[in-house]
Every structure is written in C-alpha cells, then in structure tokens.
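Enquirer: I am attaching a structure below and will ask some questions about it afterwards.
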Amino acid sequence: CEEGILPHRESIDLGAADPTKIEEERRLMYVGITRAQKSLNISWCKKRKRAGEIQMCEPSRFISELPKDDVRHFGNPFNDPEASKDFGKSKMANIKAMLSK
C-alpha cells in the first residue's frame, strides 16, 4: 500500500486537476478494508526495484488517515524489534498451517 500504487500514480497526476480521482482510490481502499472479517494487514515496501533501478517507497497517504487507535505498526524501527520478529513468525506459522491442510 504505497504512494504510486494506492493511490495509483496516474490518479495522483490527474488528481491535481480532478480531485475525484484520488477520492475514488480512497473509496476503493475503504471497500477493501471493510471486507476484512477479523483482521487486516496492510504492508508496503521500503524500497522496490523497478525497471532495474532501486526506488525508495513511501507508505500510502491513506494509511495515515486510518484511526490511530485501530493501527499497530510492526517492523517499524521505532517499535521493539523482537516483538515485531515474534509477530511475523507467528503470522507465517499460521499461513503455513492453513496451506498444509
């Protein structure tokens, strides 16, 4: 969920002239969020290789618009790295268990 992906870079470029483009992308994210039944994980890359070049990425502007009380950040260097690692291992174990059924 990165700038340039959600919202898409074309919507960002057109958004200056037509703000409804960004609003439609925001609505699409809201629809996706409301489809989650128990929990939702949103992720983004710190950097991405595109066309052979490394590009630094920014989290989507929509993430900062979510209610602060409902968001937990994992993998953030400002959080406890051990807790983040344990959480990630737990999530991966759950995914592997689901796939092995």
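Enquirer: Pick from the range 1-23 the residues that are surrounded by fewer than 16 Cβ atoms within 10 Å (Cβ to Cβ) and acidic (Asp, Glu): which of them is nearest to ARG48 (Cα to Cα)?
Expert: Filtering the range 1-23 for residues that are surrounded by fewer than 16 Cβ atoms within 10 Å (Cβ to Cβ) and acidic (Asp, Glu), the one nearest to ARG48 (Cα to Cα) comes out as GLU10.
Enquirer: OK, next. Would you tally the residues in the range 1-23 being among the acidic types (Asp, Glu), modelled with pLDDT of 85 or more and over 24 Å from ILE95 (Cα atoms)?
Expert: 3
Enquirer: If you don't mind, there's one more thing I want to ask. May I ask you to list pairs of residues, at least six apart or on different chains, whose Cβ atoms are under 7 Å apart, with the first in the range 25-39 being over 12 Å from SER11 (Cβ atoms) and the second being open to solvent by 80 Å² or more (accessible area, probe 1.4 Å) and outside any helix (DSSP H, G or I)?
Expert: Close Cβ pairs (under 7 Å, with a partner that is open to solvent by 80 Å² or more (accessible area, probe 1.4 Å) and outside any helix (DSSP H, G or I)) amount to ILE33/LEU40.
The rows are residues; the columns are (1) open to solvent by 70 Å² or more (accessible area, probe 1.4 Å); (2) assigned to a helix (DSSP H, G or I); (3) modelled with pLDDT of 85 or more; (4) aromatic (Phe, Trp, Tyr).
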residue: GLU25; (1), (2), (3), (4): no, yes, yes, no
residue: LEU28; (1), (2), (3), (4): yes, yes, yes, no
residue: ILE33; (1), (2), (3), (4): no, yes, yes, no
residue: SER39; (1), (2), (3), (4): yes, no, no, no
residue: ILE54; (1), (2), (3), (4): yes, no, yes, no
residue: PHE78; (1), (2), (3), (4): yes, no, no, yes
residue: LYS85; (1), (2), (3), (4): yes, yes, no, no
residue: SER90; (1), (2), (3), (4): no, yes, no, no
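Enquirer: Further, regarding this structure: Would you pick out the residues in the range 64-76 that are more than 20 Å from GLY88 (Cα to Cα) and open to solvent by less than 100 Å² (accessible area, probe 1.4 Å)?
Expert: Of everything in the range 64-76, those that are more than 20 Å from GLY88 (Cα to Cα) and open to solvent by less than 100 Å² (accessible area, probe 1.4 Å) turn out to be SER64, GLU65, LEU66, PRO67.
The values are calculated or read from the model by the stated rules, or taken from the named source; none is laboratory data. These figures come from a predicted structure and were not determined experimentally. Positions of Cβ are backbone-derived with ideal geometry, glycine not excepted, and every protein chain shown enters the neighbour counts. Side chains included, ligands, DNA and RNA excluded: accessible areas come from the protein's heavy atoms. Shrake-Rupley method; radii C 1.70, N 1.55, O 1.52, S 1.80 Å.
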